[in-house]
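The values are calculated or read from the model by the stated rules, or taken from the named source; none is laboratory data. Bear in mind the structure is a predicted one, so any value in this text is a computation, not a measurement. With ideal geometry, Cβ positions are generated from the backbone for all residues, glycine too; neighbour counts draw on all protein chains shown.
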C-alpha cells in the first residue's frame, strides 16, 4: 500500500468532467466482514447506486454499466479484498480510474457530479491528523502511517534494508584494520597475524549502524512525501542508543525530537499507536495553539477572517495561507466568481457545492495548510471556518 499524498489529491482535484463518480466506504482488514465478503458486497451496492445516478442523468442502462465496468471488476477481484485497511475511496470518470486504501474509516457515500467529491479525504491532508512512525532495531525496520484512530504499516521492503545484516551483508571493514605478525606460541617458525582496530569496538558498531540507518533514510526519501508543503511529523522508536545515531543521518525535515524508547519489534499495533499518539497529540496541540495565536495577532490588521464569503473569494484566488474548518460540517451554496456572486443555503439544493470543501480544496491546491478542528477548538466562536491570508 502506498501513502496518499498531496500530489494524489491535486491530481483528483484537476479532473473536471461530468460525470465524475466518487465512492467512499469503510473496509476491514480481518473478521467476519472479510471472510464473508461483506466489503465486496457493499462496494457492489455502491456501484449500483452510482449506476442509478447515471441513468437519472440520461444514460442507457448498458452505457451506465460500461461506464462503471472497472468498478465492477474491482468487486470481483478476490485478491484485492485480501489487502484492505480502514477505508476505500474509488474515483471513476471518462478515461480515469483510481482507488485508495487509507487509514481512515469513511461513512459510505456515492456522488456523481462535475468533479470528484474530495471532502472525505481532507483528514489525510489536515495539519493535525496525520503522522508517521518508524520503528528501528538491528533485526527489523517498519514504517507506519497513522492518525488519531489507527495505525497501518507501509511496505518499505523494496526501498530500505530490513536489518543490519541485510544492509551490510558480509562485508569486512578492511580499511579499519591493520596487523603485524608474531611467532606462534611454542614454535620458532611461521608467524601469524594479529589484528588491531583503529577504533574501539563500540566505534566500529556505531559506524555500521550509521551506514545501516543512512540506507534506511535514503529509502524513506522515496516513500515519505517530498512535497515542499508537507509538514507531516515522524516519530522514531527503538532502544535508547539507536535513536541518536538515526537522528545524525536523518534527512526528513519533520522528525520530532521526542521518540519512543525501547524495542518495539513485538509490540501489538494498538499499544504502538497509543505510544505514538501520546507524543503526536502534544505536538499537534502545540502547533494548533501557535497557529491560532498567529490568527489572533493578524486578525485586527485585516489579514484574517471568519466570514465565509471572504474566505471563499480568497481561497479561489490562492490567497489563503492557513484555513481552519469545523470538523464534520457541510456548508452548502453556489459560487459564481465571474459575477462576484456567492449564495449560501441552509440545506442542500440541486447543484450546490459544499463551500467549506471548495475552500479547502482551493487552499491545498495553492500550497496552503488546512486544520480540521472541533468547534470549541476553532479560533472563533461565530463561524465554522476561519482563515489567515497571505501577505
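When region 336-360 is filtered for residues that are under 18 Å from residue 382 (Cβ atoms) and buried (at least 20 other Cβ atoms within 10 Å of the Cβ), the ones remaining, listed by number, are 355, 356, 359. Being under 28 Å from residue 30 (Cα atoms), touching a residue at least 24 places away in the same chain (Cβ under 8 Å), assigned by TED's automatic domain parsing to the domain that holds residue 231 and touching a helix residue (DSSP H, G or I) at 6+ places or on another chain (Cβ under 6 Å): is that true of residue 136 here? Answer is yes for this residue.
Look through 322, 381, 363 and report the one residue that is over 21 Å from residue 13 (Cβ atoms) and either surrounded by fewer than 14 Cβ atoms within 10 Å (Cβ to Cβ) or outside the structural domain of residue 104 (by TED's automatic domain parsing) (or both). Step by step, each of 322, 381, 363 is checked, and only 381 is over 21 Å from residue 13 (Cβ atoms) and either surrounded by fewer than 14 Cβ atoms within 10 Å (Cβ to Cβ) or outside the structural domain of residue 104 (by TED's automatic domain parsing) (or both). Based on this model, can you work out whether residue 88 counts as in the same structural domain as residue 117 (by TED's automatic domain parsing), in a helix (DSSP H, G or I), closer than 30 Å to residue 155 by Cα and in contact (Cβ under 8 Å) with a residue 60 or more places away in the chain? Considered against the rule, which asks whether it is in the same structural domain as residue 117 (by TED's automatic domain parsing), in a helix (DSSP H, G or I), closer than 30 Å to residue 155 by Cα and in contact (Cβ under 8 Å) with a residue 60 or more places away in the chain, residue 88 comes out as no.
Residue check: is residue 238 closer than 30 Å to residue 215 by Cβ, in contact (Cβ under 8 Å) with a residue 40 or more places away in the chain and touching a helix residue (DSSP H, G or I) at 6+ places or on another chain (Cβ under 8 Å)? Yes: the conditions hold for residue 238. Applying the set (1) assigned to a helix (DSSP H, G or I); (2) buried (at least 16 other Cβ atoms within 10 Å of the Cβ) to residue 73 leaves exactly one unmet item: (2).
With respect to (1) assigned to a helix (DSSP H, G or I); (2) buried (at least 18 other Cβ atoms within 10 Å of the Cβ), the lone exception for residue 333 is condition (1). Please verify whether residue 293 is within 23 Å of residue 331 (Cβ to Cβ) and outside the structural domain of residue 153 (by TED's automatic domain parsing), treating the condition exactly as stated. No. Here residue 234 fulfils each of the conditions (1) closer than 30 Å to residue 10 by Cβ; (2) surrounded by fewer than 16 Cβ atoms within 10 Å (Cβ to Cβ); (3) modelled with pLDDT of 95 or more apart from (2).
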